1. Pull out the extension gain between residue A:12 and residue A:150, defined as 0.36 nm times the separation in residues minus the alpha carbon to alpha carbon distance; nm, one decimal.
2. ³J(HN,Hα) across region A:155-164 via Karplus (A = 6.51, B = -1.76, C = 1.60, θ = phi - 60°), whole Hz, x for Gly/Pro?
3. Roughly to the nearest percent, how much of the accessible area of chain A is carbon and sulfur, given a 1.4 Å probe?
4. Label residue A:1 and residue A:227 with points 7 Å out from Cα along Cα→Cβ: what is the distance between them in nm?
5. With every protein chain kept in place and ligands, DNA and RNA left out, what is the accessible area per residue of region A:28-228? Probe 1.4 Å, answer in Å².
6. List the DSSP H helices in chain A whose Cα atoms stretch 18 Å or more along the helix axis and whose mean Kyte-Doolittle hydropathy is at least -0.5.
7. Counting other C-beta atoms within 10 Å, and keeping those with at most 15, which DSSP coil trypsin sites (Lys or Arg not before Pro) do you find in region A:87-141?
8. Counting other Cβ atoms within 10 Å of each Cβ, which GluC sites (Glu not before Pro) in region A:144-193 have at most 14 and sit in a DSSP loop?
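The values are calculated or read from the model by the stated rules, or taken from the named source; none is laboratory data. Since the model is a prediction, treat every value here as computed from it, not as a measurement. Positions of Cβ are generated from backbone atoms using ideal geometry, with glycine treated the same way; all protein chains shown enter the neighbour counts. Surface accessibility is based on the protein's heavy atoms, side chains included, excluding ligands, DNA and RNA. Shrake-Rupley method; radii C 1.70, N 1.55, O 1.52, S 1.80 Å.
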Amino acid sequence: MYIDENLIEKLKKEQINLSKKLKLKDKKTLDEIKLVAGIDTTFTNIWENPTTAISCIVVLDIEDNFKEVEIVFAEKIIDFPYIPTFLAYRELPVILETYKKLKTKPDAFLVDGMGIIHPRKMGIASHFGVVTDEISVGVGKSKLVGKFEMPENKKFSYKPVYVDGELRGYVVRTKKNANPVFVSPGNNISVESSLKLVLKCVDKYKLPEPTRRAHNYLQKYRREKIDKN
DNA sequence: GCGACAG
DNA sequence: ATCTTGTCGC
């Protein structure tokens, strides 16, 4: 699919409209959030377009040693390239298909990528949250936009991230000697609570458990699929 | 004008 | 995001 400047402008307007539906207040208190889902996406071949996207959602009970409650996958052929600030247009379609397969109703979703740490507050976690009206949080592994200082090299230290002079999220050191992750609200949650929720989901590794497991299951799924062909 | 730019 | 084993360092 070829993207011209007109389409980009149209999508920008769409993001701005969607951002008006954002709710950055806590829909639930932290104590009410027990089932947390992690969402991740991979591709069979990232160089070709169209290509097959595979998505996984893992639901964990964070009050029961991150016990796995449900795991679902979905595949979908996608034909939209990766363009910074428009990630949702590439990955959201598969994610929504996966989301439809869930039998359980998680209290919140951790999406890999940004929430409101985005030029128009419409990172993929926010886009997902607005479309589904779920509680969502963005957890990204690298910077998209924003001004911040590096947190100290100590587990759980963090620094604020500002975009347009506004506090949009935090850079968080989830593990010592590992690069920090970028945490921001997707939808239906505040900046402060999104940080606290992610901290509650961190175990021994850099990535919060829901996201980490979704990622691991995807790698397994992907290589088994490729072995067959 | 130039560099930066989630996955 | 993916191709890939061992290896160096905290």
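1. Extra length available between residue A:12 and residue A:150 comes to 46.7 nm.
2. Calculated HN-Hα couplings, in order: 4, 6, 8, 8, 9, x, 10, 10, 10, 6 Hz.
3. 51 percent
4. 3.3 nm
5. Per residue, region A:28-228 has 44 Å² of solvent-accessible surface.
6. A:88-101
7. Passing sites in region A:87-141 are A:103, A:141.
8. When the GluC sites (Glu not before Pro) of region A:144-193 are filtered for loop state and at most 14 Cβ neighbours within 10 Å, A:149, A:152 remain.
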